[in-house]
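This report refers to the structure that appears directly beneath it.
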Amino acid sequence: MSEPIALLTIFVLSVFVGFEVISKVSAVLHTPLMSGANAIHGIVLIGAVIVTGHAEAPTVTVLGLIAVLLATINLVGGFAVTERMLEMFRPRQPRPVSADQQRGTAA
């Protein structure tokens, strides 16, 4: 009975520590932080696949498949968010000028 309480305590403490660490990160460091988080999500996905592959009980298999699905969504979403954040730092390309705009006539 003591083990579930210990695991719950570790989980709750890790949530608080994670929230405090992430909330203190400046906006400039969010992109590198997301890249590191994506690497961790990749490791979580590999772990979920390994655990699911060794599952013997149907319940463990179903939970493993759910873990694989959620880890995949988390990983892909993390890369999508990172790409959007990096887009903010790219220089904007000038819009091409049409022939009408070059002559000074509006279409």
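Taken together, the values in this text are just the output of simple stated rules run on the coordinates, not laboratory data. Fair warning: this is a prediction, and the values are worked out from it, not measured in the lab. Neighbour counts are summed over all protein chains in view; Cβ atoms, including those assigned to glycine, are modelled from backbone coordinates with ideal geometry.
Return the ratio Rg/(2.2 N^0.38 Å) for the chain, where Rg is computed over Cα atoms only.
That ratio works out to 1.77.
Could you list T9, T82 in order of exposure, starting from the residue whose Cβ has the fewest other Cβ atoms within 10 Å?
Taking fewest neighbouring Cβ atoms as first place, the list is T9, T82.
For V25 and L7, compute 0.36 nm times the residue count separating them, minus their Cα-Cα distance, and round to one decimal in nm.
3.8 nm
Arrange the peptides 50-56, 89-95 so that the one whose residues have, on average, the most other Cβ atoms within 10 Å appears first.
Ranking, from highest mean packing down: 50-56, 89-95.
Which angle from 0 to 90°, rounded to the nearest 10, does the C-alpha axis of helix 58-89 make with the longest principal axis of the chain?
That helix lies at roughly 30 degrees to the long axis.
Of V15, V76, how do they rank once you tally other Cβ atoms within 10 Å and put the fewest first?
V15, V76
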